[in-house]
Amino acid sequence: MPCLICGHEQTIDAHLIPRAFALEVAPHSGEKHVIGYPGADKFRRTNTGVYDADILCGPCDRKLGAHEGYAVEFLRKARMRLAPPHSYLHAKEVNGDRFVRFAAGLCWKYAVTKQANGRIGTGRYREILADVAFERAPVPSSIDLTAIQLYTGDTEVYFYRAPKADRQQGVNLFRFYIGGFLFFLKTDNRANPEVPPQECWLRGKQSASFAVLPAEMFEEWAIGKQIAGRPNLRSYFDKIRSKPAR
């Protein structure tokens, strides 16, 4: 199947969640992580996350990778500051549009991947997300992004969550969790939701504020704990821990 962006016949194993973010969950040699689903007993073992071999060629994947690399480095530095819960993490130097393009690319990949990989429905925004992600157009007002740091008391990243449709204050969004931050990507012509405040939205910004809230306030944390607590999953990790890392 040719590249969905440029039509090149040779495609690659394109990671849906950027590999750098996936490896934050299992950073040490010999470790693995698993992909679980709410309400399902089965899970998938993985070293670097889920990929799709039928959507992108190498050059097009690298276009997304440039914005992904910017996001992962920014978030790593932001986590080191350990801002307290119920506060704001202020960043004076932010390329807001790069963040938006990064999020648009991630959601676009999930819009075009196989159903088994967790495909999301984006409707007419599929092409708009592609235009934004691959810099084929300026970021329109219908696309914007905000992020909340989920406070866990340390700088570790314990899990990630693939995009899912959401709706806040009547506005259509996609939410996903990576790098210790919960992202909300707006795909709607209506104005941004009033919460969080407008200084927390990133489109066109050169400085921004990120809300910091306790992780237990959000479904992402609750679902992660619920999945990790399943007997079959705990048994699997017990076996992994009993083996020496190669």
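The values are calculated or read from the model by the stated rules, or taken from the named source; none is laboratory data. Computed from a predicted model, the values in this text were never measured in an experiment. Every residue, glycine as well, gets a Cβ built from its backbone with ideal geometry; the counts of neighbours run over all protein chains shown. These area figures cover heavy atoms from the full protein model, side chains too; ligands, DNA and RNA do not enter into them. Shrake-Rupley method; radii C 1.70, N 1.55, O 1.52, S 1.80 Å.
Listing for the model above:
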quantity: Close pairs from the range 7-19: first in contact (Cβ under 8 Å) with a residue 60 or more places away in the chain, partner outside any loop (DSSP other than H, G, I, E, B) and open to solvent by 40 Å² or more (accessible area, probe 1.4 Å), Cβ under 8 Å, at least 6 apart; calculated: 14/51; 16/51
quantity: The range 130-149, residues that are crowded, with 22+ Cβ neighbours inside 10 Å and not β-branched (Val, Ile, Thr); calculated: 133, 144, 145, 147, 149
quantity: Scope the range 155-175; condition open to solvent by 50 Å² or more (accessible area, probe 1.4 Å), in contact with a helix residue (DSSP H, G or I) (Cβ under 9 Å, 6 or more places away or on another chain) and farther than 23 Å from residue 101 by Cα; matching residues; calculated: 156, 158
quantity: Residues of the range 180-190 that turn out to be in contact with a Leu (Cβ under 9 Å, 6 or more places away or on another chain) and either aliphatic (A, V, I, L, M) or not in a strand (DSSP E or B) (or both), as a count; calculated: 4
quantity: Residues of the range 48-104 classified as of a type outside the set (D, E, K, R), outside any helix (DSSP H, G or I) and under 19 Å from residue 3 (Cα atoms), total; calculated: 6
quantity: Hits in the range 123-152 (condition: touching a Lys or Arg at 6+ places or on another chain (Cβ under 6 Å) and either more than 22 Å from residue 198 (Cβ to Cβ) or of a type in the set (S, T, N, Q) (or both)); calculated: 133, 134
quantity: Residue count, the range 105-118 (criterion: outside any helix (DSSP H, G or I) and surrounded by fewer than 20 Cβ atoms within 10 Å (Cβ to Cβ)); calculated: 2
quantity: Matching residues in the range 136-179 - criterion: being assigned to a loop (DSSP other than H, G, I, E, B) and among the basic types (Lys, Arg); calculated: 136
quantity: Qualifying positions in the range 27-73 - closer than 18 Å to residue 220 by Cα and either modelled with pLDDT of 95 or more or of a type in the set (Ser, Thr, Tyr) (or both); calculated: 37
quantity: Looking only at the range 176-196, and only at residues there that are among the aliphatic types (A, V, I, L, M) and open to solvent by 10 Å² or more (accessible area, probe 1.4 Å), the one that is nearest to the chain's Cα centre (by Cα); calculated: 195
quantity: Meets criteria (more than 15 Å from residue 118 (Cα to Cα) and at pLDDT below 85) for residue 24; calculated: yes
